[in-house]
Structure formats: C-alpha cells, structure tokens
Amino acid sequence: MSSGPSERQPTDMRVSFAGLELKNPVIAASGTFGYGVEFEDVVELSKLGGLVVKGLSKEPMTGNPPPRLYETPAGMLNAIGLQNIGARAFIDEKLPRLRQIKDVVVIANVFGYTREDYERTIHILNEAEGIAAYELNVSCPNTAHGGIVFGTAPLMLEDVVVTAKRASRRPLIVKLSPNVTSIAQMAQVAEAGGADALSLVNTFVAMAIDVESRKPRISNVTAGLSGPAIRPIAVRMVYEAADAVRIPVIGMGGISTAADVVEFMLAGAAAVQVGTASYWDPCATEKIVDELERWSAEHRVTRIADLIGSMVSE
Ligand SMILES: Cc1cc2nc3c(=O)[nH]c(=O)nc-3n(C[C@H](O)[C@H](O)[C@H](O)COP(=O)(O)O)c2cc1C
C-alpha cells in the first residue's frame, strides 16, 4: 500500500558521535540505571540508544551513610558517594550478561580521586570486550590537590583528560561539572585535552536542612541536585558548550519527556541522557524513546539528527 500525503513517515532516529552509531539519541544516565542488567525486566534495553553504567573505580566502594537521597521541588538531592562494585567485578559479574543482550551500546563511566586512579581503572576496562566508550566523571575531588574538584579547575581538568585519553583504547566522553563560572572554557579545555565528545550536566552542588531537627537532609550535608528543576540551566550550558567546541555534546539534566529531548537537541546536543526520571518511573527511558518516535513522525522530521543545533534565534 502506498502512503498518502496525510500518512506519517517514520523518522530516521539514528545519531552518531565519537565514532559510535546509536539507533536513537536516548541514553540512560550514569548512577540512575545500575549496571543496566538490573533494569532488564522493566526496560527493553535494546530499544535504548545506549546506557551508561554506574561510575566505576579501580576498587569497590561502599559510598556515604544514609540519608543519601532527598526529594526537592521538581528535583532530587543525592550524595550516594559513588558506591560501586569496582571495575574488575563489573567485568566479571555484569558485562557478560550485557554482552548477551543484542545491540546495546554500553558506555562505562569512570571516576577517581587521583589522576592515577582514572588511569588504572581505564587500563582494567581496556581488557574487556563489550564496552563502546568511556565517560569520564570529573566531578570528583582531587585528593592529591587539596580536594579541588577536577572538573572545576582548568589545569586539573586538562591533566586528567590528557591522562585518560592516553590510557584509553576507546572513544573518550568527558562529563563536565556544571559547578563552574564558564562552561564554555571548560568545554574547550576538555576538547584541547583530547576528548572525543562532551557530556553535561552532572549534578549541581546543593543542600537542604530540616528546620524542625535543624539537621541536614543528607548525611554528607552537601549533595547533587538533579531532575526537572535543573533543566533550563542545563539547556543553557549545553547551548554554550556546543557553541564553544567542534566535538559533539551529549545533553542531560531533568529530561522526562520527548519534548525535553528535542529541546536539548535544538540547543546543540547530538544525543541526550535520562537520569532522575528513572527514579520516578523505572520505564522512563523506554517511554521517552517511544514518545520521541511519535513526536518526530508527527512533526514530519525526516532525520532526528537534523534537529541538532537547529534552534531558531529570532
Ligand atoms: C542517584 C544518582 C547517582 C548518580 N551517579 C553518577 C555517577 O556515578 N557518575 C556520574 O557521572 N554521574 C552520576 N549522576 C549524575 C547523572 O548521571 C546526571 O548527570 C544528573 O543526574 C543530571 O541528569 P538528570 O537530571 O536527568 O538526573 C548521578 C545522579 C543521581 C541522581
């Protein structure tokens, strides 16, 4: 049957960045989707553009004591403390199952407290099959330099990116911290250091206090704010970063609908990640993919990639 002019044509949903081909631009964000396998029963993983696993370090880590999560207006505070099973256990216990799931792009998120930590973790992961790229979480304090967060000091950011790039046998995505004065400057520093792509934003440093007990809501006192509350700031930062560099930018921060995805793409994002939305609805990532396909067909978008950076300024 031929399709009449009123019938909707499906949109080509594919996007590519840093040498990766994704079937659609929706990626599950690190720390909100376990190691992927835990979501297998609720989300059809092969429908997603990709997934980023929980941040990995060279040794397992237990994280911070509770309370570690607190819901705020249209957002969430977390100070999980980068709890994870360690890079070797990820390879042995999680990756074999992920490899069996056909057609799923797995990105390993890596963090550390020294430059050497990042290097060693990447060396461990380099040996394993089934990882498409690394995402470098630079929102960690550098213990060798008085606890200054890597991603907030240009020279430290450049140093860790250069080190990671040299160590890596895979494309390197650098995940920027939003807790900086100029995101454009940090984007350029990461690009100059050898990043193949950028992702942003990580969470905003924030806090909340229980006025009855006068105690902090989170045991760590300060925590990271995520969810719809941060979305307009994240869109602005993605716009500024994408404008400042030539490498692709992956956008995130409060995405919970297809329209949110489109907004980030118009601002310049080549793909997006969905984080906190999976806490409210574990099926959020898959639902957003379905909704985005419908939205794109209804709006007669031929190729979703045509949306990237296509905001109309006046
Ligand atoms: C509970 C929780 C844990 C997170 N863990 C990590 C992590 O391990 N590594 C990382 O790079 N980002 C981590 N993030 C940040 C998210 O990946 C994402 O950048 C941020 O939450 C903004 O997106 P969202 O508003 O869609 O959640 C975490 C976020 C949350 C809420």
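Tell me which residues come under 5 Å, amide H to amide H, from LEU136 once H is placed; ignore anything under 5 positions away on its chain.
Amide H to amide H, under 5 Å and 5 or more residues apart or across chains, LEU136 pairs with VAL110, ILE173, VAL174, LYS175.
What residues qualify as long-range amide H neighbours of VAL149, i.e. H under 5 Å apart, gap of 5 or more or another chain, H built at 1.01 Å from N?
ASN142
Return the ratio Rg/(2.2 N^0.38 Å) for the chain, where Rg is computed over Cα atoms only.
0.97
Once fully extended, how much extra length lies between VAL205 and ARG97, figured as 0.36 nm per residue of separation less the alpha-carbon to alpha-carbon distance?
35.4 nm
Note the per residue figure in Å³ for the convex hull of the C-alpha positions in the range 118-186.
84
Straight distance only, please: which lysines reach the Cα of LYS47 with their own Cα at less than 25 Å, same-chain residues fewer than 8 apart left out?
Here the lysines satisfying the reach criterion relative to LYS47 are LYS23, LYS94, LYS102, LYS175, LYS287.
Which order do the peptides 50-61, 125-136 come out in when sorted by mean C-beta neighbours inside 10 angstrom, highest first?
So the peptides 50-61, 125-136, ranked by packing, come out 50-61, 125-136.
Counting only residues 5 or more places away or on other chains, whose amide H sits under 5 Å from the amide H of THR72 once H atoms are built in the peptide plane?
HN-HN under 5 Å from THR72: LEU77.
Please list the equivalent ellipsoid semi-axes of the range 1-142, computed as the square roots of five times the alpha-carbon gyration tensor eigenvalues, in descending order and whole angstrom.
32, 20, 14
What does the charge count near GLU93 come to, summing +1 for each Lys or Arg and -1 for each Asp or Glu among other residues with Cβ under 13 Å from its Cβ?
Net of charged neighbours comes to +3.
Place a +1 charge on the Cβ of each Lys and Arg in the chain and a -1 charge on the Cβ of each Asp and Glu, then give the dipole magnitude about the Cα centre in debye, rounded to the nearest 20.
460
Enumerate by residue number the GluC sites (Glu not before Pro) in the range 162-251 meeting two conditions: DSSP loop (anything except H, G, I, E, B), and at most 13 other Cβ atoms within 10 Å of the site's Cβ.
Filter output for the range 162-251: GLU212.
Rg and Dmax of the range 204-255, Cα atoms, in Å?
15.3, 50
Taking the Cα centroid of the range 166-226 and of the range 58-126, what is the distance between the two, rounded to the nearest whole Å?
With the range 166-226 and the range 58-126 each reduced to a Cα centre, they are spaced 15 Å.
³J(HN,Hα) across the range 17-24 via Karplus (A = 6.51, B = -1.76, C = 1.60, θ = phi - 60°), whole Hz, x for Gly/Pro?
7, 6, x, 9, 10, 10, 6, 7
Specify the angular offset, from 0 to 90 degrees and rounded to the nearest 10, of the alpha carbon long axis of helix 115-126 from the longest principal axis of the alpha carbons in the chain.
Between helix and principal axis, roughly 50 degrees.
Mind telling me which of LYS102, LYS94, LYS165 comes out most flexible in a GNM of the chain, alpha-carbon contacts under 10 Å?
Residue with maximal mean-square fluctuation among LYS102, LYS94, LYS165: LYS102.
Where a number appears in this text, it was derived from the coordinates with a stated rule and is not lab data. Just so we're clear, the structure is a prediction, and the values are computed from it rather than from any experiment. As a convention, Cβ positions derive from the backbone with ideal geometry for all residues, glycine included, and neighbour counts pool all protein chains shown.
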